[in-house]
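Participant: Got a structure here, written out as structure tokens. Questions coming.
The values are calculated or read from the model by the stated rules, or taken from the named source; none is laboratory data. Quantities reported herein were computed from a predicted structural model and do not represent experimental measurements. No Cβ is skipped: glycine too gets one built from the backbone with ideal geometry, and neighbour counts run over all protein chains shown. Note: areas computed on protein heavy atoms with side chains; ligands, DNA, RNA excluded. Shrake-Rupley method; radii C 1.70, N 1.55, O 1.52, S 1.80 Å.
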Amino acid sequence: MDGMQAVLLLIACILAFGAGVTLTWWILSVRSRGLLNQARQEAASILAVAEEESIALKEEVIKTTQATFEHERTELHHQEAALNKERESFEQEKRQLRQKNDRIRKKLNNRNRRLTKKQNILYEATQVTELLQTETEKTKRQAEKLRTELEHLSDRAERELASVDALKHDLESRQSRLDSLIHDRLQKLELIADLTQSEARRHLREELLEKAQEDIALELLELRDQAEATAKDEAHKIVLTTMQRLASDEAESHSVSVVSIPSDDIKGRVIGREGRNVQAFEAATGVDILIDDTPGAIVISSFDPYRREIARLALNNLIRDGRIHPRAIERIVAKATKSVEEEIRTLGERTLLDLKLRGMHKELVSIVGKMKYRTSYGQNLLNHSIQVARLCSIMAAEMNLNPHTARRAGLLHDIGKVLQESEDRSHALVGMDYCKRYQEKRHICNAVGSHHDEIEMTSLYAPIVQVCDAISGARPGARNIRRDEYFERLQDMEHIALSFDGVSLAYAIQGGRELRVIAEYAKVSDQGTRELAINISSRIQNELTYPGQVNVTVIREIRKTSVAR
């Protein structure tokens with residue numbers, strides 16, 4: 001019984017504890033609900049007060065911000081004016097430094113030329129001295145040998161003189177006996193022939209004269225035939241030698257073009273905001289735009305006359321149109337490129353018309369027009385080719401050859417310089433292959449390919465073209481080798497950049513101090529642009545020789561176009 005009571009007592013305690021816990025939870029729940037309602041009312045009042053205060057604070061902040069913005073705007077205007085002054089002074093210092101660098105470069109070039117000349121003279125003098133020493137030793141050895149031989153010859157000559165004296169005495173005795181025999185025989189002949197000695201001599205002289213006249217007549221006939229056979233070849237040689245002494249006018253191209261502008265306000269529009277218009281124009285054309293204090297002019301600088309002409313035409317159209325922005329620049333540059341191509345074709349046709357040449361393939365006509373925008377050692381290639389064509393025509397007429405064929409060969413002899421893309425083959429052989437491709441005559445192809453003696457000449461037109469080419473280019477000052485070497489260095493820089501995969505365009509600008517490379521977005525990644533710039537600069541450093549340094553700039557961009565209707 002006691003255990004049962006204890007269990008019942010324990011159950012009663014548990015039930016009492018559960019009832020107490022439940023009652024306590026209910027009381028706390030009711031109390032917390034009241035506190036929550038009171039907290040909500042207090043939060044609503046606090047939010048209303050906070051909203052009123054935030055509106056007032058916002059108005060105060062707006063006023064303060066406006067005042068600060070106006071103050072900063074005024075300071076920015078002042079800073080902009082100061083920056084413009086600093087920019088002008090910087091440009092002036094930059095021009096002065098450029099002029100100073102040019103003067104220093106000229107002095108260094110002159111000094112290098114003098115030093116090279118002195119080194120060459122010293123080297124030649126050393127070689128001459130060594131040669132003289134060698135010849136002196138050789139002469140001494142020969143003199144010793146000759147002295148020994150002279151002694152032997154003297155002994156031998158004495159012995160020979162003794163024998164000659166003995167023979168002389170013997171011959172004198174024989175001569176006396178012979179004279180007596182001849183006198184006896186002559187007397188007997190005079191008696192037999194019934195002629196004196198003087199009469200016999202006269203008859204013999206007459207017979208000899210008749211024989212000699214016949215022989216002389218035959219010799220004259222042979223000489224006349226031989227002269228007629230070789231006179232034509234000798235005349236050709238004389239004409240060629242004479243034409244080598246002719247002089248011709250000088251033809252030289254420039255490296256800058258000047259575009260006139262109606263007012264200096266246009267310069268600011270050409271530059272654009274932060275220079276973006278100039279950058280877009282230089283990237284599209286591959287030239288340098290020089291905008292300085294020169295009134296009424298903008299200078300276009302490039303070593304390539306073809307690019308310079310496109311840039312000049314495009315800039316004139318932009319100034320005339322008035323709407324200058326990057327998109328319009330690309331459109332007008334493309335239009336100017338097409339216009340220059342049409343001008344090249346028209347110029348080729350006009351050149352053929354002036355030279356009275358017909359029936360040339362249209363591709364060759366276009367190549368002839370492109371020669372206007374190429375130079376050869378500083379000499380304009382089209383003017384040089386026209387000059388050679390006319391000289392060839394005159395020389396062929398003097399030599400009784402076809403002037404038309406000679407004129408055609410002279411005009412086409414340097415087309416390989418327009419077509420040449422690498423250093424593997426010479427321009428003469430490249431031009432000959434193109435002439436063969438477009439069905440030019442055999443004599444013309446041979447004259448084009450052999451005017452630098454790289455293949456054998458098979459007709460007289462080949463030496464005519466060779467001589468006339470020398471006439472046009474040999475005049476002092478007609479060609480500038482140092483300028484052509486400078487242009488070749490810039491072209492080599494561009495060819496190195498274009499040899500890398502993913503490069504679409506490459507321009508050498510800033511006088512060769514910067515190489516601007518346009519990379520294709522689909523083929524070159526962002527990381528690849530850095531590697532491309534490093535690789536191009538490494539090849540330029542290893543393969544080319546240049547003054548100063550070359551900055552390689554790789555540009556990779558993506559453009560999307562959409563039309564709003």
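Participant: Run down ARG87, ARG114, ARG159 and say which single residue is part of a helix (DSSP H, G or I) and under 30 Å from ILE271 (Cα atoms).
Facilitator: So the residue among ARG87, ARG114, ARG159 that is part of a helix (DSSP H, G or I) and under 30 Å from ILE271 (Cα atoms) is ARG87.
Participant: With the condition being under 29 Å from GLN99 (Cα atoms) and open to solvent by 60 Å² or more (accessible area, probe 1.4 Å), I'd like the strands (runs of 3 or more DSSP E) fully within region 487-557 carrying at least 1 qualifying residues.
Facilitator: In region 487-557, 551-555 are the strands (runs of 3 or more DSSP E) which contain 1 or more residues that are under 29 Å from GLN99 (Cα atoms) and open to solvent by 60 Å² or more (accessible area, probe 1.4 Å).
Participant: Here's a follow-up. Does at least one position in region 66-74 carry a residue that is among the aliphatic types (A, V, I, L, M) and within 60 Å of the chain's Cα centre (by Cα)?
Facilitator: No, the conditions are met nowhere in region 66-74.
Participant: Considering each residue of region 294-320, count those that are more than 20 Å from GLU343 (Cβ to Cβ), touching a Lys or Arg at 6+ places or on another chain (Cβ under 9 Å) and surrounded by fewer than 18 Cβ atoms within 10 Å (Cβ to Cβ), and give that number.
Facilitator: Total satisfying the criteria: 1.
Participant: Do we find a residue being under 15 Å from the mean Cα position of the chain (by Cα) and not polar (S, T, N, Q) anywhere in region 395-407?
Facilitator: The answer is no; no qualifying residue exists.
Participant: Taking GLN41 and the conditions (1) under 59 Å from the mean Cα position of the chain (by Cα); (2) open to solvent by 100 Å² or more (accessible area, probe 1.4 Å), which numbered condition does it fall short on, given that it satisfies the others?
Facilitator: Just one mismatch for GLN41, condition (1).
Participant: Looking at ILE496, ILE518, ILE471, can you tell me which residue is modelled with pLDDT of 85 or more, within 25 Å of the chain's Cα centre (by Cα) and under 27 Å from LEU429 (Cα atoms)?
Facilitator: Just a single option satisfies the conditions, and that option is ILE496.
Participant: Now for a separate question. Restricting to region 299-312, and then to whatever is touching an Asp or Glu at 6+ places or on another chain (Cβ under 9 Å) and aliphatic (A, V, I, L, M), can you tell me which residue is farthest from SER263 (Cα to Cα)?
Facilitator: Filtering first and then ranking leaves ALA311.
Participant: Any idea how many residues of region 277-288 are open to solvent by less than 20 Å² (accessible area, probe 1.4 Å) and not in a loop (DSSP other than H, G, I, E, B)?
Facilitator: 5
Participant: A further question follows. Return only the number of the condition from (1) touching a residue at least 60 places away in the same chain (Cβ under 8 Å); (2) open to solvent by 30 Å² or more (accessible area, probe 1.4 Å) that MET395 does not satisfy.
Facilitator: Here MET395 clears every test but (2).
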